[in-house]
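Taking it in order: structure first as structure tokens, then the write-up.
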Amino acid sequence: MARRTWTVEEKLSVVLEMVKGQESVTSLCHRHGVAMSQAYRWRDAFLERGKLGLKDQRNPKHRDPVKEELRALRELAGSQALIIDAQKKLAGLPAFGSNGTS
């Protein structure tokens, strides 16, 4: 089953209904199709950071592009180091970091 993606507005609607207290949290969550534990996490995040606390931090569009580029470059450098070591091994040369003995 695919994970449901909630918009900030949907989360805010659930949180505001919880805060109003006109309906039990159980029935509210059932009506919206959200787990109670998730609704309470949204409420806590909203109370701590306001509307920004409800943004999906897992979503790549909310990530820092500089950190993402750094992660990609590190991954690329690691892959290239593995390729170079494999090519040296095939050519009979010592791999990087070895003391020259096989």
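Only the coordinates and a few stated rules stand behind these numbers; no lab work does. No experiment lies behind these values; they were computed from the predicted model shown. Here the Cβ is made from the backbone with ideal geometry for all residues, glycine too, and neighbour counts use every protein chain on show.
Residue-wise HN-Hα couplings along the range 80-86, as the Karplus relation 6.51 cos²θ - 1.76 cosθ + 1.60 with θ = phi - 60° gives them from phi, are 5, 4, 5, 5, 4, 4, 5 Hz; Gly and Pro carry x.
Across the range 66-78, coupling constants 3J(HN,Hα) worked out from phi with the 6.51/-1.76/1.60 Karplus curve, θ = phi - 60°, read 5, 5, 5, 5, 4, 4, 5, 5, 5, 5, 5, 4, x Hz, and Gly and Pro carry x.
If R0 is taken as 30 Å, the Cβ-Cβ distance between Glu10 and Ala77 corresponds to a FRET efficiency of 0.15.
Using the Cβ-Cβ distance between Lys89 and Glu69 with R0 = 35 Å, the FRET efficiency computed as 1/(1 + (r/R0)^6) comes to roughly 0.70. Excluding same-chain neighbours fewer than eight residues apart, the aspartates and glutamates reachable from Lys67 by a Cα-Cα span under 19 Å are Asp56, Glu75.
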